[in-house]
Structures are given as structure tokens and as C-alpha cells.
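Okay, so here's the structure we're looking at.
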Amino acid sequence: MPSSFIEINKNALANNIKHITSLIDDNVVISSVLKGNAYGHGINIMVPALQEIGINHFSVFNSLEAQQVYDSAKGNFTIMIMGDINDEDAEWVIDNDIEFYVFNLHRIENMLKIAVKKQKPINIHLEIETGMNRTGFNKENWNELAELINKNKTHINVKGICTHYAGSESISNYMRVKQQRQAFKKSIKYFKSQDIKPERIHSSCSAAILVYPKDNFDMVRIGILQYGLWPSRETFISHLTKKKLTNDPLTPILSWKSYVMDIKHVSKGEYIGYGNSYLAETNMTIASVPVGYGYGYSRSLSNQGRVIIKNSRLSVIGIVNMNMLLIDITANENITIKDEVILIGSNNDLEITVSSFGNITDQLNYEVLSRIDKDIPRTIK
């Protein structure tokens, strides 16, 4: 028996994709973002589940993730690498028609050399620097890039032109994103004037489809929304208001569960766990759970976290260990060894949300999920 396991709810996933689809035009392709082990949900679990509901375009950060998607997918599908390509994987990327971002001349020139040698085209997306100041071609590089592409048209397929907005989840970034949007449209106009016509234009992430729906173009890159979570509380409230909704239209798809490993009684006046952060002020009953910060359960949840056992919401007490945490079960005498412990998820009317982790630990939803140990078994139900 594993010390903990993760369940992915495919009905919740289908619900989320249905809602996302309702927000975009019929001709707009959804690219499912699976970086960070599918935001902690598991690439090998998410890919078949997404294909089952009609999603066949996948965005990843690096070539390792691309290989994981490739091994998990079936039939017709597209993989797009948005970031790193290991030198050792370059030939594999080209051989398997994997699409990838180009954001500097070094990458496109190196990949082009391999493509010419193999007599196979590279499938590229031109990433444009519009104000994120992370990766992407600056305006001063556009002429050289256009010339390179036009000289090598037999070996280059321009699959897309794209950019990424710097903080579309917050109204405080409105002017910065507005300037980015204007810069991106200028780049599209320029490359089309150079007879470079990308198959797809894309700039919107989860937050952008909510805040800037006119910029969906013909593909959107959807990450956090598909997992049933929101880019920010601001986007959540704004969406409910705009759509006149009273309930959250999304459902978190991930549950994280463990079990009671041991139970012991502690006398009043004894310290519990490492150090002296928790003193038993009464006689207490304590349950140990074989999960800790080594698996992604943040140490910041020490003396603050909550779990659900037998329909009771119970407190984490003492310091969270690398492989263990302690729970005060004094109030529920029916708890026994091997009982299920819900770390993230729900039971009847009780719920432990990913957001609650973030509120306590000052972590983003993205951070909480991506830190969950990749080796924890994941199943779909």
C-alpha cells in the first residue's frame, strides 16, 4: 500500500472542458498545458483522459515532457514544446514532427541544420517578445528571422506565432498587457507582410481567455482552468459577476489521500513532534499520517493544516516532518489505524481545497500542485 495516492476525477475534467469550450468560439483550438507533470496531476493520467473528451493538442515545457505525452497519447495528436529542448532530444523532436517555440536565432539555426541533414522540416512557433521580457524575438531581430525563414521554406513549417501576457490574471497589469497586445498585433502584421503566414495565432492562457476574450485568435493554451482551479481570486469573482453565476462552474479534479499509520495518546503537559511548537494542554489522542514535506505537503502547514478523517475536519499539529505529519483526533473516538485521510479533496459537505493550502502557505495554486511528488501513484476514476 502506498503511503498516499492521488485520484483524478474524469467527470470533473469533462465538466471543466465543457465550460472552457463555452467561453471560446467553435473554431478556436484548445491546447492543454501539461507542464510540471500536468500541474502535478500526472501526464500519463491526463493525456488519455483529455483525448477521451476530444482534446488532442498538448503544450509542454520541455522535450522530456514531450516524450511523456508522446508515449501516453494515441491516434492523431499534436505536441508543442514551449521551452527547453535537450540537445540529445533534438533529432527525436524533428523525427516525430513535434512542434516547438523558437525564441532566438541560435535555436532555429541549430534545429534547421539537423532538419537539412535529415531532409525533414521543422515545425516552429515564432515566439514574440512583447513586454514579458522572458523569451521571444525582439523587434530588432524580426528582419533577420524573416529572411532566414524565407530562405529555408522547404525545411521550415511556421505552425504558429505566439506571445505570453505578463499577468493577465490581475487588473493591476492592464496597461502592461494592453501594450503587449498592441505589440503582438504589429508583429503578426509584419510577418504576414513578409509572406510568412502562420497556421495558428495564439496568445491566451487561462487568465487571458477570461479577461481578454477578443485575443483568443485561433488557439488558446489552457492550464489551471482545466484542472478546476482559477488563475486568481480576482478572475474567479470577475467571471461569476460577468456571467451572472452564483456557483463555481469549475470542479477541482484532484484528490490526495493517505491513511492513519498509527494512533497514540499524549498526556497533558507533553510536547508533540519536533521542538516545542505544540504543547498538549489536555490529554490528547494523536494520529500519524505517512506524508510530509518530502512528498509536497508544505512544512508551512505545521500547526495550521487541516485534513478530513471520517467526516471530521481535523488539525495538523506540531511540525510537518519530511515523511510524516501528526493529526489531533481527540474529538473523534471512532478513528482507527488504516482509516482514510483526505489531504486535498472532499467528503460529503467537508472539503480541503488547494486554495486553502495556498492561503496558509502563501503559495499559488500552481505551486502547491506542481510540488506534489511525481512518484505518488495516480489513478483516474
Task: N283 paired with N332, simple spin-label distance in nm, labels 7 Å along Cα-to-beta-carbon - done: 2.2 nm
TODO: Would you kindly state the longest site-free stretch of the chain, with sites defined as GluC sites (Glu not before Pro) in a DSSP loop (not H, G, I, E, B) surrounded by at most 16 other Cβ atoms within 10 Å?
DONE: 1-198
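Mean 1/r over all different Cα pairs, inverted: what Kirkwood radius does the chain give, in Å?
Values: mean 1/r = 0.0438 Å⁻¹.
Hydrodynamic radius (Kirkwood, Cα pairs) of the chain is 22.8 Å.
Given R₀ = 25 Å, FRET efficiency for S22-N44 by Cβ-Cβ distance, to 0.05? Before the final figure, lay out each step's value.
On the way: r = 28 Å, r/R0 = 1.13.
With R0 = 25 Å, the Cβ-Cβ based efficiency is 0.30.
Run lengths n ≥ 4 of DSSP H only: what is the helix-derived mean residue ellipticity at 222 nm for the chain, with -39500 (n - 2.57) per run over all residues, to the nearest 500?
Working: 12 runs with 119 residues, N = 381.
Computed ellipticity for the chain at 222 nm equals -9000 deg cm²/dmol.
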TODO: In whole angstrom, note down how far apart the Cα centers of the range 262-284 and the range 126-158 are.
DONE: 62 Å
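With both partners inside the chain, how many of the DSSP beta bridges are antiparallel, as a percent to the nearest 5? Walk me through the intermediate numbers first.
Working: 28 of 60 bridges.
Roughly 45 percent of the DSSP beta bridges within the chain come out antiparallel.
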Open item on the list: For T130, what residues show an amide H to amide H distance below 5 Å, using hydrogens built from the backbone and excluding near sequence neighbours?
Closed with: H164
Open item on the list: Compute, for the chain, the length of the dipole vector about the Cα centre, with Cβ point charges of +1 (Lys, Arg) and -1 (Asp, Glu) only. Units Debye, rounded to 20.
Closed with: 1040 debye
- [ ] Quick one: what are the phi-derived ³J(HN,Hα) couplings along the range 146-155, Karplus 6.51/-1.76/1.60 with θ = phi - 60°, whole Hz, x for glycine and proline?
- [x] 4, 4, 4, 5, 5, 6, 10, 4, 6, 10
Task: Mean separation of Cα contacts under 8 Å, 6 or more apart, over the residue count of the range 208-272: relative contact order % - done: 26 percent
Task: Accessible solvent surface per residue of the range 58-105, calculated while the other protein chains remain in place, 1.4 angstrom probe, Å² - done: 45 Å²
- [ ] Apply the Karplus parameterisation 6.51 cos²θ - 1.76 cosθ + 1.60, with θ equal to phi minus 60°, to every residue of the range 111-124 and state each ³J(HN,Hα) to the nearest whole Hz, in sequence, with x for glycine and proline.
- [x] 5, 5, 4, 5, 4, 4, 4, 8, 6, 9, x, 9, 10, 10
Task: Centroid-to-centroid separation of the range 65-103 and the range 31-62 [C-alpha atoms, Å] - done: 13 Å
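The values are calculated or read from the model by the stated rules, or taken from the named source; none is laboratory data. Note that the coordinates shown come from a computational prediction; the quantities given were computed from them, not determined experimentally. So basically every Cβ, Gly included, is an ideal-geometry build from the backbone, and we count neighbours across all protein chains shown. Ligands, DNA and RNA are excluded from the accessible area calculation, which covers all protein heavy atoms including side chains. Shrake-Rupley method; radii C 1.70, N 1.55, O 1.52, S 1.80 Å.
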